[in-house]
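Heads up: the structure comes next, in structure tokens.
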Amino acid sequence: MAKINKMIKKIIPYIDKIIEYMLYLLVFFIPTSISGINIFSGLLFIIYVIRLVLKQDQTIWKGKFNKLILLFAVFSLFSVLWANDRYRALSFFISPVLKYVLIYYLIINYINTKTKFYKIFVAYWSSHIISGGYAIYRNFVVGIRRVDGFTHNPNRLGSIMMMFIIINFAILLYTNRKNLKIGVFSIIGIIVGTLALFASSSRGALLGLIAGLFIVALLKGKKFLIYLLIGLILLSLFMPSYYKNRISKLTDITSNNVYSRLSMYKAGFDMFKEKPILGIGLNNVRTVYDMYDLPEFEHFGNEHRNLHNLYINILVELGAIGFGILIYLIFVLGKKAWLNYKINKNWFTLGIIGLFVGEGTHNLFDYTFHASEVFMIVLVFIGLLMVNEEIDLKIKEGMISYEN
């Protein structure tokens, strides 16, 4: 037994190193390769489970937010029991929900130094430049009107570029003479992200972008709202005509997209009244169109697999219990981000607050929880928010150096 324990102790550092570098690759693949996400998520899950079996020294249950993450995941899994289509619910839990849980726990357990923190961020930034560049090429060179880049659809591309712009905007606001090179990179990120957002023509992502940039500028200082206003004016001047036409239709309540969403929202509340406590089951909206005699369904039939609103969708599928867990998760997360920013006013926390506001706004008109390319990025930044404060504290107390 002693020999086995000694052998395990010897191989654990090698397993950890493999997991760490596979994590960097996974983050790089999120916006650039759907197959890369699936392959590396699967491999990492297997290796990570083996690692936990060999040595149980990882942060899984410790802390309020970690408990809430697990609680939401477990409740989502239990919803399989009462779902109309159990296979559909279970397959959605396996992918993408398990991928979300996996990447969150990998981040909080393996990104424990500033060096690793910046490696993750470099993987994130460089992959988005590649993804954005490809979308720009497809739109402005090939001539495809609405492009999806490496993602499943244009709205997902718009969402990841919206978050990318907000993060780079926060970096730019904290740029000074000492870090001009970083400022140049942030400007490149903003330009690439904006052009790629144009290429997607996603209206929900644009609304999220405006909300996210507004909160970032407001928190940094009221004078930055003037810079933001100038930037938005320039944005509107260079915006492609096709994108402008799509935005103008938002005021037309009878247009197909607007009316469909309003119809889905009303139908969602009607469905919620039928099963208000537990909901209809994870990922089961598409299975119940023919079970409800609602006039709204006559317009969009069973065309959509979600209700194009994250909050209503969770309310319908996971009921008041699941929705309550989600709202409490958002509250705890928002409180931590805000307290962190008040203590450590830096580009990272400011950017994360803007990112959360932007994604939260976008999800009023969409449901990005089912989109691995989008929500895995959100979980990466949630994980980084959780560990960044701990890393800074260890540096202050001399437990680790800044370079580590």
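Each reported figure results from applying straightforward, stated rules to the coordinates on display, with no laboratory input. Please read all numbers here as calculations on a predicted model, not as lab measurements. Using ideal geometry, Cβ is built from the backbone for each residue, glycine included, and neighbour counts are taken over all protein chains shown.
Provide the FRET efficiency to the nearest 0.05 for the Lys3-Val122 pair, computing r from the beta carbons and using R0 = 35 Å.
Once rounded, the FRET efficiency stands at 0.30.
Residues with beta-carbon under 14 Å from that of Ala371, excluding Ala371: net charge, scoring Lys, Arg +1 and Asp, Glu -1?
-1
Given the options Met162, Met291, Met271, which has the most mean-square fluctuation in a GNM of the chain, springs set between C-alpha atoms less than 10 angstrom apart?
Of Met162, Met291, Met271, the Gaussian network model singles out Met291 as fluctuating most.
When the Karplus curve 6.51 cos²θ - 1.76 cosθ + 1.60 is applied with θ = phi - 60°, which whole-Hz ³J(HN,Hα) does each residue of the stretch 220-234 get, with x for Gly and Pro?
These are the phi-based 3J(HN,Hα) values: 6, x, 4, 5, 6, 5, 5, 4, 5, 4, 4, x, 5, 5, 5 Hz.
Relative to the Cα centre, what is the charge dipole magnitude of the chain, using +1 at the beta carbon of each Lys and Arg, -1 at the beta carbon of each Asp and Glu, and rounding to the nearest 20 debye?
Once rounded to the nearest 20, the dipole reads 1420 debye.
Would you order Trp61, Trp347 from fewest to most other beta-carbon atoms within 10 Å of each residue's own beta-carbon?
Trp61, Trp347
Rounded to whole Å, give me the distance from the Cα center of the stretch 1-28 to that of the stretch 128-188.
34
Please give me the summed charge of the neighbours of Ser159: other residues whose Cβ is under 15 Å from its Cβ, Lys and Arg +1, Asp and Glu -1.
-1
Report the full-extension gain for the segment Lys249 to Tyr87: residue separation times 0.36 nm, less the Cα-Cα distance, to one decimal in nm.
54.5 nm
Taking the Cα centroid of the stretch 236-263 and of the stretch 329-350, what is the distance between the two, rounded to the nearest whole Å?
When both Cα centres are located, 33 Å separates them.
Enumerate the amide H contacts of Met239 below 5 Å, restricted to partners 5 or more residues apart or on another chain; note that Pro and chain-start residues carry no placed amide H.
none
Could you point to the label whose value was computed as semi-axes √(5λ) of the Cα gyration tensor in Å for the structure here, given (i) 44, 28, 21; (ii) 33, 30, 19; (iii) 49, 34, 17?
(ii)
From the phi angles alone, apply the Karplus equation (6.51, -1.76, 1.60; θ = phi - 60°) to the stretch 143-157 and give each ³J(HN,Hα) in whole Hz, x where the residue is Gly or Pro.
For the stretch 143-157, the Karplus curve yields x, 6, 5, 10, 9, 10, x, 9, 8, 7, 7, x, 5, 5, 4 Hz.
List the lysines whose Cα lies under 17 Å from the Cα of Lys336, skipping any in the same chain that are fewer than 8 positions away.
Result set, ordered by chain and number: Lys62, Lys64, Lys67, Lys345.
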